[in-house]
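The values are calculated or read from the model by the stated rules, or taken from the named source; none is laboratory data. What you see is a predicted model; the values in this text were computed from it and never measured. FYI the Cβ positions are ideal-geometry reconstructions off the backbone, even for glycines, and counts take in every protein chain you see. Remember, those area values only see protein heavy atoms, side chains included, never the ligands or the DNA or RNA. Shrake-Rupley method; radii C 1.70, N 1.55, O 1.52, S 1.80 Å.
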Amino acid sequence: MIKKPLILLVLLFGTMLAAQEKNPKFSFDFDNVSLTEALNTIESDANVLFYYDENWLSGATVSGSFANKPLSDILTSILAETSINFFRLSDDKIILTQNSIVYDSLPEGFFGKEQTDTIEERTDIKVYSNPVFSNIEATKANTVTRTVRIGKENVSDNRTTFKISGYATTVEQNQPIPDLSIVLNGKSTGTATNNAGYYELEVPAGTSIIKTSSLGIEPSTTRVIVFNDGELNFQLNESVEFLDEVIVEADASKNVEEAISGSTELVVEETKNIPLVLGERDVLKVAATLPGISTAGEGAAGFNVRGGSTDQNLMLLDNAVIYNPSHFFGIFQALNPFTTKDVKILKGGIPAEYGGRLSSVFDITSKDANTEKIAGEAAIGPVTSNVALEIPVVKGKSGLLIGGRGTYSGWILRSLEEESLQNSEASFYDAIAKYTHKFNEKNTVKAMGYYSNDAFSITSDSIYGYNNRLFSLQWDHQFNEKNTGSLILANSNYKFNIAYEGNSNNNFDLGFVVDETEAKFKFTYLYSKAHKFDYGLSAKLYNVQPGNFEPKGSNSIVTPVNIAKEKALEGAVYLSDNFTVNDKLLIDAGIRYSVFAALGSTEARIYEENMPKNEETLVETVSYDNNEIVETYGGPEIRLSARYFLGPDFSVKASFNSTYQFGKWYRGQQFFYSFEHTFG
């Protein structure tokens, strides 16, 4: 007689054997093989058949080792990074589906409460998304250009809306499209792309119609079938419209809406219709027509902004400081109009990101090269000629921009009959190269190099010369949906010299050099709709040759004089918050802490207090070793700007800045207010 415990043990063991036979385990080792090849291997070893469209697996690869795993676990792992789900129809037949899931039973609670004999209208039933039947009526009245499936359905995800994001670019030049309107058809929800062409949008599960529109861009209509969060990029064609009369308003409402006061952005493409100066478009000449900005005078370079001197303006070209952005006494700009994208001028409120100058900021940005096809511009003028060429390196990802300008004014002067001008010289040239590489949607690297040179001597025995040399490297990275950052490395070098050749033996060369190298980290954090934080830090090393006076030629009797080199380190950390208080009030508040340290090696002369500085009042001379701190200066800088809407197209702004400018040791405070109104 068999005892009951023994019978139970036999039944349990038999059940386990049956379960193992029904759910066998397998081992596979894949090393960067295509997904199609991996599925073929599984078919052969596991004696199953897969049913799918090969186009779904294009480009997908598999890597990983699986030891003694159920087939369902292996498939879940290798399909995790794809939009493919699977459904086991039988022991030897498996169906692959794109995005969606095949249900073999209705979810619990599908019919809501327990049914009764009375049939009535129900509003509490949860509808599970079936993209085939959703929004059919909405698509009938639209001309759909394409249908896109987004995301991978997850049976455990009960959300009814999902987030899609992506970039909008032009088809011809792969350039970002800012301020592109993206709306859901029949819905009150929508968004717009930022300056980089990026957007985010909440979309209901199932089928929706998305429409895009923008001035100068052909509209599009896209049917999206949304299963989960995902990416949707737009590549749109530019459109050209011919009108009898056009009033151009570049970001007409931008000045009214933003908090920063006294901010102006000049787009070089929109300056093509301004009067030319000797055949040259000059965007900096346009800047001189703005309120609060005047030129330094005839035959002089630079700007006076709200009463400040020319050296109190921060001039940046792709984040590198350019000390003299002009040629030939300021008659020509040192920026090639064919390679310059835009100039952002800040002369009222200055964000905490910028520092080191008191009056204003001219933030100049060069173009990104066309990554789709070769493009270029060239011009020949009465005095100068310039050219720009855009060359794709990796199609759709990287491109090289090259530009150059030169003058033949020296040849013109020597061709004149006036004898006093025949020995004159007036020449200049500049060249720029910029390489842009977009590794993926989250990483872009830009490298820029620039050089300009001037030499002029008009009926004089002295040749005046100066040159700018710039280099910048920028890495832009998107950490996640809310955090972006940039790493910037820049170097600027400016040289000025005078070469004198007279009739006596006192010929000489005189000059000075300023060289600075900067590293900067800057970040943006979109905390919420009401708060956007900008923060970062920077460090800059100065190497200055204050002056050298050398004999020119072997017969010169000039005694050489060389002033000792100077070195300094400047650093800053900043934080600002763009705070939307309500629909009318917007505040941009920030703080920046700057510090400047004079470094050795050098000697410092100590004099008696409250006495004239001469040899009789000299107390001692202190020597400092290389890179030893001699003296430090600095302190906090407050940046505060506010905008208040008085009407939909009318606002009042106010700003307060406290700033430091080292070198000459300036400290300034500025209060500014303005009324901004959109006309049209």
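So the values come out like this:
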quantity: Residue check, ASN55 surrounded by fewer than 15 Cβ atoms within 10 Å (Cβ to Cβ), within 40 Å of the chain's Cα centre (by Cα) and not in a strand (DSSP E or B); calculated: yes
quantity: Members of region 565-579 found to be closer than 19 Å to ALA598 by Cβ, open to solvent by 70 Å² or more (accessible area, probe 1.4 Å) and either touching a residue at least 40 places away in the same chain (Cβ under 8 Å) or in a loop (DSSP other than H, G, I, E, B) (or both), listed by number; calculated: LYS565
quantity: In region 376-411, residue nearest to ALA433 (Cα to Cα) [restricted to those that are in a loop (DSSP other than H, G, I, E, B) and in contact with a strand residue (DSSP E or B) (Cβ under 7 Å, 6 or more places away or on another chain)]; calculated: LYS397
quantity: Selection status of SER601, touching an Asp or Glu at 6+ places or on another chain (Cβ under 6 Å), on the phi < 0 side of the Ramachandran plot, open to solvent by 40 Å² or more (accessible area, probe 1.4 Å) and small (Gly, Ala, Ser); calculated: yes
quantity: Positions within region 617-645 being over 32 Å from the mean Cα position of the chain (by Cα), of a type outside the set (Asp, Glu) and surrounded by fewer than 15 Cβ atoms within 10 Å (Cβ to Cβ), in sequence order; calculated: THR617, LEU618, VAL619, THR621, VAL622, SER623, ASN626, ASN627, ILE629, THR632
quantity: Pick from region 580-598, criterion open to solvent by less than 90 Å² (accessible area, probe 1.4 Å) and not in a strand (DSSP E or B), ranking: farthest from ASN657 (Cα to Cα); calculated: ASN582
quantity: Which numbered condition GLN478 fails, given (1) touching a Pro at 6+ places or on another chain (Cβ under 9 Å); (2) closer than 26 Å to LYS163 by Cβ; (3) not small (Gly, Ala, Ser); calculated: (1)
quantity: All positions within region 511-548 that are closer than 30 Å to PHE579 by Cα and of a type in the set (Asp, Glu); calculated: GLU518, ASP534
quantity: Complete set of residues in region 408-439 that are at pLDDT below 85 and in contact with a Ser or Thr (Cβ under 7 Å, 6 or more places away or on another chain); calculated: SER409, GLY410, LEU413, SER420, LEU421, SER424, GLU425, ALA426, SER427
quantity: The listed residue being over 30 Å from THR524 (Cα atoms) and not hydrophobic (A, V, I, L, M, F, W, C), out of LYS341, LYS347, LYS285, LYS395; calculated: LYS285
quantity: Of residues in region 325-354 being part of a loop (DSSP other than H, G, I, E, B) and among the polar types (S, T, N, Q), the one modelled with the highest pLDDT; calculated: THR339
quantity: Residue in region 355-375 that is at pLDDT 90 or above, over 29 Å from TYR535 (Cα atoms) and not in a loop (DSSP other than H, G, I, E, B) present; calculated: yes
quantity: Residues located in region 58-93, provided they are closer than 22 Å to ILE150 by Cβ and open to solvent by 60 Å² or more (accessible area, probe 1.4 Å); calculated: SER58, GLY59, THR61, THR76, GLU81, PHE86
